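Following: one structure in structure tokens, then a few remarks.
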Amino acid sequence: MRRLLLLAPLLLFTAACGVVQSSDDEATDAAREVARTAGERLYSQRPRTAEEVGRSASGIDGVEVLRVTGTSTRDGDGVHVVVRTSGSAYSGWIDAEELAVRRCFVVRVSPKSQWREDPRDVDCPDGPPLTFAPPPEPPRLPYEELRSNLPRVPAGGGVDEAEVRRTVAALDMDPAIRTEVKADGGRVGVLLSVKGNNFDAQDCLLARVAPGATEVWVPSRIQRMPGEGGCTVANALDPLPPPH
């Protein structure tokens, strides 16, 4: 009996150590899940630079970006982002206390990445979290200017393609905006577009000058997706039916 009494404190101490260790593991797993979720948010087949990936990661709640390596998601092994996240768990049997930890993980962003890929544990680099400049604003497409300046041709009249071209050329537009003008069947179509990334919806503006009607519009987002044909001068001349 005396031996059992002596062993009791030791057993309690051993059990307590096991609880502390388990709580630390649980808190670390919670921090890892935040990093895994960040990896899901960053997962994409769209090509991006290391700066773009880092900027996106820094905007995710609960994530600090400490290091970014690589050039782009399509070069080599892609982009590796060291993120610091937090997790917590409760320790103790009776007076439970919250145990909070901060851990660092590597999130890989590459076409070779797997969905919900496990982030790799790493030591946290020294130094404060990285900051990123906001992304450059895309050039503004001159909707109002184009609508106000394109010629209005009365019904039964003839559309002057040269006049339409002069009107478009006279607009004060960013050099990054591509223009295309085409005449067909007594109508003139106009396309103003910004180069897309072949993954997201492209920015474009369409116009059509015809006898009795001058129209300017932005195609639906679905039509502006790659391969949908929305951002073409052909769509300005003969608009696609609205998506269902």
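The values are calculated or read from the model by the stated rules, or taken from the named source; none is laboratory data. Computed from a predicted model, the values in this text were never measured in an experiment. All Cβ positions, glycine included, derive from the backbone under ideal geometry; neighbour counts span all protein chains shown. Accessible surface is based on the protein model in full, side chains and every heavy atom, while ligands, DNA and RNA are left aside. Shrake-Rupley method; radii C 1.70, N 1.55, O 1.52, S 1.80 Å.
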| remark: Whole-Hz Karplus couplings 3J(HN,Hα) for the range 213-229, θ = phi - 60° and coefficients 6.51, -1.76, 1.60, Gly and Pro as x, run 7, 10, 10, 9, 7, 10, x, 4, 4, 4, 5, 8, 6, x, x, 8, x
| said: Give me the net charge for the shell around Cys124: Cβ to Cβ below 12 angstrom, other residues only, Lys and Arg +1, Asp and Glu -1. | reply: 0
| remark: Once the dipole of the range 114-204 is set up from charges on Cβ (+1 Lys and Arg, -1 Asp and Glu), the residue from the list Gly189, Pro125, Gly156 lying farthest towards its positive end is Gly156
| remark: At 37 °C and 0.692 mPa s, the Stokes-Einstein diffusion coefficient in µm²/s for the chain, with hydrodynamic radius from the Kirkwood sum on alpha carbon pairs, is 144 µm²/s
| query | Tell me, what % of the accessible area of the range 38-125 is carbon and sulfur with a 1.4 angstrom probe? | reply | 44 percent
| note | Taking every alpha carbon pair in the range 67-193 and sorting the distances into 10 angstrom bins from 0 up to the bin holding the longest one, the percent per bin comes out as 9, 22, 16, 12, 16, 13, 8, 4, 1
| task | List, in order, the whole-Hz ³J(HN,Hα) value for each residue of the range 185-201 obtained from phi through the Karplus relation with A = 6.51, B = -1.76, C = 1.60 and θ = phi - 60°; use x for Gly and Pro. | result | x, x, 10, 10, x, 10, 10, 10, 9, 10, 4, x, 10, 6, 10, 9, 4
| query | Where only protein heavy atoms count, and the probe is 1.4 Å, what is the accessible area per residue for the range 15-157 in Å²? | reply | 59 Å²
| Percent accessible area from carbon and sulfur atoms, the range 195-244, protein chains only, probe 1.4 Å | 54 percent
